[in-house]
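The values are calculated or read from the model by the stated rules, or taken from the named source; none is laboratory data. Since we're looking at a predicted model, the values are computed, not measured. Reconstructed Cβ throughout: ideal geometry from the backbone, glycine too, with neighbour counts over all protein chains shown.
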Amino acid sequence: MGQPEQPESGVAAGAGPVGISADTGPVDVGTGAGSMKRRLGVGMVGYAFMGAAHSQGWRTVGRVFDLPCRPELAAICGRDADAVRAAADRLGWAAAETDWRELIARDDVDLVDICTPGDSHAEIALAALAAGKHVLCEKPLANTVEEAEAMAEAAEQARARGQVAMVGFNYRRLPATALARKMVADGRLGALRHVRVTYLQDWLVDPGFPLTWRLQREVAGSGALGDLGAHIVDLAQYLAGEPLVGVSALTETFVRERPLLAGASAGLSATGGGGPLGTVTVDDAALFTGRFASGALASFEATRFATGRKNALRLELNGERGSLAFDLERLNELSFHDHTEPGVSAGFRRILVTEPDHPYLEAWWPPGHGLGYEHSFVHQARDLVTAIATGVVPEPSFADGLGVQRVLAAVEESAAKNSVYTPVPPAPAAATATDSDSHASSASSVSSV
């Protein structure tokens, strides 16, 4: 998700490409005798929900994994000087800025991490890439296909200069989903027939909840579709190893007016007043079916009105040889059915994904000691640092983010046309969803991108 800190607009001046900073020289970070590593300065824009999650990842990653370089939390940016300084102290950042253009211009920032609402993603990312910085951008990549296309093109040009750009679809980084991808890629399910995914929350059920930025199209781009639907579209394409080629959709806004925001908002919390109402300009729920390139069928549901469901992401894949199921509320587990076994003993069984040879777990705890939501951001940071150091294109790339954006646009187009089946334009050939096999196969090793 994005977060409420919306930066000011403007374009930073360009500069030459920046790799891993050498200004401090080799540094012994204590990971072994004679271990000498250079720094990677990180600058982050935004400091609320996603800013805190990304900060946790950057603070922790070098203390858990043996990285090829040393991330440093150089500076954090937000519009309110007092609030961003307090956030810097709380989240572990060395400095604070109030203008993202100043953050991009800093010599000690090599990578810009964008944790803002979607309306500023493109402007900040394009300026950072033009200034020679690496970029991590929260999902969805942009608010429109046109913005996403510009970002993907800029990232491809920056790649030739040695820069990398990645989208923050963190649910790919859970050990269980990475293992699921590997099992699909290894043929354990055979040819896919069905993929069904739901992502259900309930924080908007109260009609008195105020009109925050997540409910304004000009800021958020869309509602449950972009906030939750982007996650499940990416996860479905990643696990299937192939793109969606068409969709048929319904969307609905159940509460069309809400109280104007009276106080501060943070994450999924806000306070409203008893005063005037404002118009909700995004969807509250999206329901759609889809077809993959192979002919496999898919169904998706994303809503913030599922009373009693707090953050319920569930998916199931059915193939000719077996099935896999995942539930985010039991994120250290997979359910697997091997249809090649005799019927007398066949059935779904639980895989506890906590073994050291499972993806990402070689550096964590003994078997049976589970991880949580925040660890996906640690793994995200590890994969990005490794990609920067090795020159490998990170996944999901901006091209992958563009592919998701095209699916979201097709969903909106279909819903506007009474659910008519709407083709999804193909993703750029250089980085389609099928390229995720390389990530799945490497996620269990030290170098995972």
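Output the number of residues of the range 325-345 satisfying the condition of being part of a helix (DSSP H, G or I) and touching a helix residue (DSSP H, G or I) at 6+ places or on another chain (Cβ under 8 Å).
Number of matching residues: 1.
Taking Val112, is it assigned by TED's automatic domain parsing to the domain that holds Gln56 and either in contact (Cβ under 8 Å) with a residue 12 or more places away in the chain or outside any loop (DSSP other than H, G, I, E, B) (or both)? Walk me through how you get there before you give the answer.
On the way: assigned by TED's automatic domain parsing to the domain that holds Gln56: yes; either in contact (Cβ under 8 Å) with a residue 12 or more places away in the chain or outside any loop (DSSP other than H, G, I, E, B) (or both): yes.
When the stated conditions are applied, Val112 passes them.
So which residues in the range 349-363 are in a loop (DSSP other than H, G, I, E, B), touching a Ser or Thr at 6+ places or on another chain (Cβ under 8 Å) and surrounded by 14 or more Cβ atoms within 10 Å (Cβ to Cβ)?
Within the range 349-363, His358, Pro359, Tyr360 qualify.
For the condition touching a strand residue (DSSP E or B) at 6+ places or on another chain (Cβ under 9 Å), in a helix (DSSP H, G or I) and over 27 Å from Lys37 (Cα atoms), what is the one hit in Ala152, Ala88, Ala128?
Answer to the check: Ala152.
Being over 20 Å from Leu402 (Cβ atoms) and touching a Phe, Trp or Tyr at 6+ places or on another chain (Cβ under 6 Å) narrows it down to one residue among Val184, Val219; which is it?
Numbers: Val184 fails: touching a Phe, Trp or Tyr at 6+ places or on another chain (Cβ under 6 Å).
Exactly one residue qualifies, and that residue is Val219.
For Ala83, only one of the following conditions fails: (1) part of a helix (DSSP H, G or I); (2) more than 22 Å from Ala387 (Cβ to Cβ); (3) in contact with a helix residue (DSSP H, G or I) (Cβ under 9 Å, 6 or more places away or on another chain). What is its number?
(3)
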